[in-house]
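Peer 1: Here it is: the structure, laid out below.
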Amino acid sequence: MFHQLKKVLLDRLRQQGIGEAVEAAAVVQVFKDEVVRRWGESNRNAFRKLTLRGNTLEVALYSSAFASELKMAEMELQDALTSHFNGKVYRLRIFG
């Protein structure tokens, strides 16, 4: 019986208690890449804090104006995360 390597690795990471940290890092990286793709490289470090709590990505920004822009594109950003993670839904909470 064969198992997908991805599934085996994720199961092992969960057993070791670091699966959540790996998932959080992946979600944050994909979110940052999506922001850079839409708004440019200069916004890669516009975040004061990015935290994944459960299925909610909390996004705190230095600029309230940029936070407003992200809020306007919130649904599109959530859709980008969902499509990248094979249908797993992540919500966003954006703070300025």
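The values are calculated or read from the model by the stated rules, or taken from the named source; none is laboratory data. What you see is a predicted model; the values in this text were computed from it and never measured. Quick reminder, even Gly has a Cβ in these numbers, built from the backbone with ideal geometry, and neighbours come from all protein chains shown.
Peer 1: Tell me which of these Gly17 doesn't satisfy, since it passes every other one: (1) at negative phi; (2) over 13 Å from the mean Cα position of the chain (by Cα).
Peer 2: Condition not satisfied by Gly17: (1).
Peer 1: Now for a different question. Filter the range 32-73 down to the residues that are of a type in the set (Asp, Glu) and more than 24 Å from Glu20 (Cβ to Cβ) and list them by number. Spell out the reasoning first.
Peer 2: Restricting attention to the range 32-73, the residues satisfying the condition of being of a type in the set (Asp, Glu) are 33-34, 41, 58, 69.
Once the filter is applied, which keeps residues that are of a type in the set (Asp, Glu) and more than 24 Å from Glu20 (Cβ to Cβ), the range 32-73 yields Glu41, Glu69.
Peer 1: Related question: Please go through the range 36-68 and pick out each residue that is hydrophobic (A, V, I, L, M, F, W, C) and either in contact with an Asp or Glu (Cβ under 8 Å, 6 or more places away or on another chain) or over 16 Å from Phe85 (Cβ atoms) (or both). I'd like the intermediate steps shown before the answer.
Peer 2: The first filter runs over the range 36-68 and keeps only residues hydrophobic (A, V, I, L, M, F, W, C), leaving 36, 39, 46-47, 50, 52, 57, 59-61, 65-67.
Answer for the range 36-68, where residues must be hydrophobic (A, V, I, L, M, F, W, C) and either in contact with an Asp or Glu (Cβ under 8 Å, 6 or more places away or on another chain) or over 16 Å from Phe85 (Cβ atoms) (or both): Val36, Trp39, Ala46, Phe47, Leu50, Leu52, Val59, Ala60, Leu61, Ala65, Phe66, Ala67.
Peer 1: Could you grab me the full set of residues in the range 40-95 that are in a strand (DSSP E or B), touching a strand residue (DSSP E or B) at 6+ places or on another chain (Cβ under 7 Å) and of a type outside the set (Val, Ile, Thr)? Steps first, answer last, please.
Peer 2: Start the filter on the range 40-95 by keeping residues that are in a strand (DSSP E or B), which leaves 47-53, 56-61, 91-95.
With the extra rule that they be touching a strand residue (DSSP E or B) at 6+ places or on another chain (Cβ under 7 Å), the set shrinks to 47-51, 56-61, 91-95.
Correct list: Phe47, Arg48, Lys49, Leu50, Leu57, Glu58, Ala60, Leu61, Arg91, Leu92, Arg93, Phe95.
Peer 1: Give the range 40-96 a look and list any residue that's touching a Ser or Thr at 6+ places or on another chain (Cβ under 6 Å), at pLDDT 95 or above and either loosely packed, with under 12 Cβ neighbours inside 10 Å or farther than 19 Å from Ala26 by Cα (or both), or say none.
Peer 2: none
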